[in-house]
Amino acid sequence: MNDRSRGWMRALPVIAVVVGTGCDEVLPTASSDDLIQGGVAVEVTLPFTDFGTRARVYGGYGRASELAGGFIAHDFGTGPDGLAAGERGLEAATLLRFGRYPGFVSVTDTAGTNRPDSSLTFLSGRIVARLDTLSSILSGPVEVIAHAITEPWDGPSATWEFAVDSVGLRVPWSLPGGGVVEEIGSGVWDPEAGDTLSITVDSARVASWADTADLSRGVRLTTRAPGVRLQMRSALLWLETLPSINPDTIVQVLADTEATSFIYDPIPKAPDNSLRVGGAPAWRTVLDLDPPRVLHGPPELCDVLGCPLEISPEQISYAGLRLTTLAESPAFAPSDTLTIDIRMVTVPDILPKSPLGPPTTGFAGVVLAPEWFSPPAGHVVEVPVTGLVRDLLRGETPDGDPVSNTVALLSRFEPLSIEYVSFSDERSADAPRLRLILNFPPGSGGGG
Amino acid sequence: MRKTLLVLALLAMAAPGQASGQSFLGFRGLGVPVGPADGRSVALGNLGIGLGRAGLSVTDPAAAAHIPFPSVFVSMQPMWGDFQLEDQSGTMRTTRFPLIAIGYPVLSVNGTVTLSLAGYLEQRWVGHTARTVNLGGIDVPVDDRFTTDGGTSVARVGWSQRFGARFAAGVSAGAYVGRLEREFDRTLDSLVVGGDVRSYTEASSWHYGGYTLTAGFGADPHDLIHLAGALEWSGALKESPSEDTEGDENRYSIPLRLLWGATGRLSERLHLNTSFAYQDWSGADGFQPGVVSAKTLSYGAGLELQVVRRPTRGIPLRLGYRRVVPPFRYQVQDPVETAWSVGLGFNLVEVDGIRYGWMDVAVERAERSSAPLSENFWRATVSLGITRF
């Protein structure tokens, strides 16, 4: 073998590698019934007794103060479709506490130079509230009244009955609904004119609120207009101040907002004959699920595939928990869309405090329209639970984590609103149902 | 050391050892046959038997009798094509390594041990349909997709025995091996059903088993003529479900195959070869009615011209044509595959007619038809081999 031949021999491995590269692939693909033996897809709707064992409602999740907004209502929910005789309408008041005033402002002096000025004289103020024009329920312009609270109260825990309602300490108001108050002023909110309400605060009140050690500082916003429920998104205290550098100029500055909360009455009782989600503090409905691994019906399924029919997680293309809406207390009926989610209760033994698994309905959750909960209601809402049901049948998540047969229906963001939604419970003719879409290969099925 | 690395490189390339064809043909049977897979046979339109010169062939068991040194070669087949199925058309493309063969002469007894792994039948295609199913009184659009991917290969061990300078005989025993993956995937329209709709996937896996025996001869009754013949017998080809697949074992009978071929030297540089194969699938058991073809005879012919001839190298130019009858129909028409081919051999190191390092390249333009299916494709075959590693 000469040198040239050896050269060729050395080149062979390189050639082998070169020709072995670039192996991409496109399979021939055609649309033809000849090529596919399609499976069988069936839809089955199971009654609650076939997939669930228990449903109950827990309340008290979160606090009203966590909403960072408020409600103002008077005798709400007593209209023609309103409360039964003897029931009271909703009363709600928003509580605000403003904090430290600014210590200095930047002011343009007579020479035209911007300079900080810490010697301020506060003249008066304005409470400026932004109200939700969509969620608020009113028939026209509404007068909102601001009262100064005169009793010490706790922003996070105050309720209609108690000025302080925290663990180990309960201090009732001298009068339910904010105790003895002093009127500050009022303003009229016309939603057609915008979403802003302004109420003037006099200089004496402004001066008294400068004492941040005074725990009775605060404002209560209410209305005397019956049948009104307003949702407030935010409230600010604008102060007018006279700087020492340029006394001819009035400067507006913003005070801190220390607490925004709301108190309401009556507090809804736990439902006896319905499932409930939402509210503030929030309600959750907890269900124990046990989806069947073998189907014995319905007849239309058995006719196609034969029964009993064993099902596996992978055969479930879709599972939806069907809930029928109820119109309960109009005082708390939704006026805007609510979103709900369903999550696993990871430690059911310690309910209602059990931690929950991750959301299962995606970022958006299941969006519920408010009109579904107005009389006559009866709308069927479907909460997708495909992954949950698959996990329950599998006995573990796809990642191998343990599963719990107990799940909670809850508001996607909790608490979201004073409003809650109700569904028929398991004892109702419209009890929750489970809709399944199942796929089977040809020729499968039971018998025997 | 370098040669060892070369052998390892060739073996690594061939490790997948699968077939090179993609086709809808035989979707109800066992697929489409892979056919000859070495560059020289392909270029000459040969069916894998009766080519003159010492060499390795999986279907010509006596061909290795005259190789004087250990030899190994592998093939690679890229393929590009398109198909027409009724009013649809589409493309297909793949690259596979359908063949590896090793021959190890035992000079003391004038014989050669051969080992090979060669593609035999292949099923690689995708079908899909868009249809509606009625669920709860609502028509729901669904998209069904069925993918089948795999095939059968034959692993053979053989012995070629030389009887003098002009006659040889060979036998080989082979085992069918291979795997087939099928996947049915159904996607429901989430806009109609609701959110969180999951695809339904049903996957199954099958593996193949069975045995085959081949016996053949090669003879040079004259300096200008080489003849060869082989008889290939197979037991039932068993298609068994894997552990995670439900189903019964299927058994398919593989009919006897007769091959014969001849090469004649027309001049010092020009050779003519012909080959024939007879296999009657019409009585084969295990297939659905109407699946197997009634056609039995395949044939091919080709010319090899030594365009460059040096003391240690040579470059033959090859032309060929073949017409083969695949065993399984698309619908009712017996399929036919025809191919024109051209190729070059690069005998990189050739001493006294023995190739120590070579590369055979072939390009085919082929078409298959079994109404309403027709397929056209280009296929290249590149074989690399070395001797005396």
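The values are calculated or read from the model by the stated rules, or taken from the named source; none is laboratory data. This structure is a prediction, so every number in the text was calculated from the model and none was measured. Here the Cβ is made from the backbone with ideal geometry for all residues, glycine too, and neighbour counts use every protein chain on show. All accessible areas refer to the heavy atoms of the entire protein, side chains included, with ligands and DNA or RNA removed. Shrake-Rupley method; radii C 1.70, N 1.55, O 1.52, S 1.80 Å.
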- Go ahead and run the numbers for FRET between A:Arg54 and B:Asp185, Cβ-Cβ distance against an R0 of 25 Å, rounding to 0.05. 0.10
- Over the alpha carbons of chain B, what is the largest minus smallest coordinate on each principal axis, giving the biggest first in Å? 80, 46, 38
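Report the relative contact order of chain A, percent, no decimals, based on alpha-carbon pairs under 8 angstrom and at least 6 residues apart. Could you put the intermediate results ahead of the total?
Details: 1064 pairs, mean separation 109.0, N = 448.
The normalised contact order for chain A reaches 24 percent.
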- Message: Output needed for the stretch A:170-240: three equivalent-ellipsoid semi-axes, defined as square roots of 5 times the C-alpha gyration tensor eigenvalues, in descending order, whole Å.
- Response: 23, 19, 11
- Task: Compute the relative contact order of chain B as a whole-number percentage, counting only Cα pairs closer than 8 Å that sit 6 or more residues apart in sequence.
- Result: 19 percent
- Helix B:2-14 sits at what angle to the longest principal axis of chain B, using alpha carbons and giving 0 to 90 degrees rounded to 10? 30 degrees
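On a 1.4 Å probe surface of the protein chains, which of A:Ile36, A:Ile350 comes out largest in accessible area, and what is the full order?
A:Ile350, A:Ile36
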- When Cβ neighbours within 10 Å are restricted to other protein chains, what is their mean count per residue of peptide B:184-197? 5
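With a ≥ b ≥ c the root eigenvalues of the C-alpha gyration tensor of the stretch B:139-208, is it rounded (a/c under 1.5), prolate (a/b larger than b/c) or oblate?
Prolate shape, in that a/c is at least 1.5 and a/b is the bigger ratio.
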- Query: Under a plain spin-label model, where a point goes 7 Å from the Cα along Cα-to-Cβ, how far apart in nm are B:Phe163 and A:Leu236?
  - Reply: 10.8 nm
- With all protein chains in place and a 1.4 Å probe, A:Tyr264 shows an accessible area in Å² (nearest 10) of 20 Å²
- Task: May I have the convex hull volume per residue, in Å³, for the Cα set of chain A?
- Result: 328 Å³
- Message: Testing the spin-label approximation: label points 7 Å from Cα along Cα→Cβ at A:Ile350 and A:Ala364. State their distance in nm.
- Response: 3.5 nm
- Task: For helix A:3-19, report the angle its Cα long axis makes with the longest principal axis of the Cα atoms of chain A; keep it between 0 and 90° and round to the nearest 10°.
- Result: 60 degrees
- Query: In a Debye calculation with equal point scatterers on the alpha-carbon sites of the stretch A:90-265 and no solvent, what is log10 I(q)/I(0) at q = 0.10, 0.14, 0.18 Å⁻¹?
  - Reply: -0.43, -0.78, -1.12
- Task: Show B:Glu122, A:Glu151, A:Glu396 ordered by accessible area, largest first, where the area counts protein heavy atoms only and the probe is 1.4 Å.
- Result: A:Glu396, A:Glu151, B:Glu122
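With a cut-off of 8 Å between alpha carbons and a minimum separation of six or more residues, what is the relative contact order of the stretch A:90-265 in percent?
On the way: 425 pairs, mean separation 74.2, N = 176.
About 42 percent, as a whole number.
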- Item | Peptide B:120-130 - average C-beta neighbours from other chains (10 Å radius) | 4
- Message: With a 1.4 Å probe and all protein chains kept in place, how much accessible area does B:Trp260 have, in Å² rounded to the nearest 10?
- Response: 110 Å²
- With the Cα gyration tensor of the stretch A:43-140 giving a ≥ b ≥ c as the square roots of its eigenvalues, does the rule (a/c under 1.5 for rounded; else a/b larger than b/c for prolate; else oblate) give rounded, prolate or oblate? prolate
- Could you order B:Lys238, A:Lys269 so the one with the most accessible surface comes first? Probe is 1.4 Å. A:Lys269, B:Lys238
- Message: What figure, in Å² to the nearest 10, do you get for the accessible area of A:Cys307 with a 1.4 Å probe and non-protein molecules left out?
- Response: 40 Å²
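Relative to the Cα centre, what is the charge dipole magnitude of chain A, using +1 at the beta carbon of each Lys and Arg, -1 at the beta carbon of each Asp and Glu, and rounding to the nearest 20 debye?
Details: 32 positive and 55 negative charges, 174 e Å.
It comes to approximately 840 debye.
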- Note on the structure: hull vol. (C-alpha, convex hull) per residue for the stretch B:317-389, Å³ -> 102 Å³
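Pull out the extension gain between A:Glu25 and A:Leu169, defined as 0.36 nm times the separation in residues minus the alpha carbon to alpha carbon distance; nm, one decimal.
Numbers: separation 144, 0.36 × 144 = 51.84 nm, distance 7.28 nm.
Full extension of this stretch gives 44.6 nm more.
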- Item | Rough spin-label spacing in nm, given labels placed 7 Å along Cα→Cβ, for B:Arg365 and A:Arg126 | 8.6 nm
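Does the stretch A:277-412 classify as rounded, prolate or oblate by the C-alpha gyration tensor (a ≥ b ≥ c root eigenvalues; a/c under 1.5 gives rounded; else a/b over b/c gives prolate, otherwise oblate)?
Values: a/c = 2.37, a/b = 1.39, b/c = 1.71.
Judged from the Cα gyration tensor, the stretch A:277-412 comes out oblate (a/c at least 1.5, b/c at or above a/b).
How big is the Kirkwood radius of the protein assembly as shown, worked out from every pair of different alpha carbons and given in Å to one decimal?
Working: mean 1/r = 0.0294 Å⁻¹.
For the protein assembly as shown, the Kirkwood estimate is 34.1 Å.
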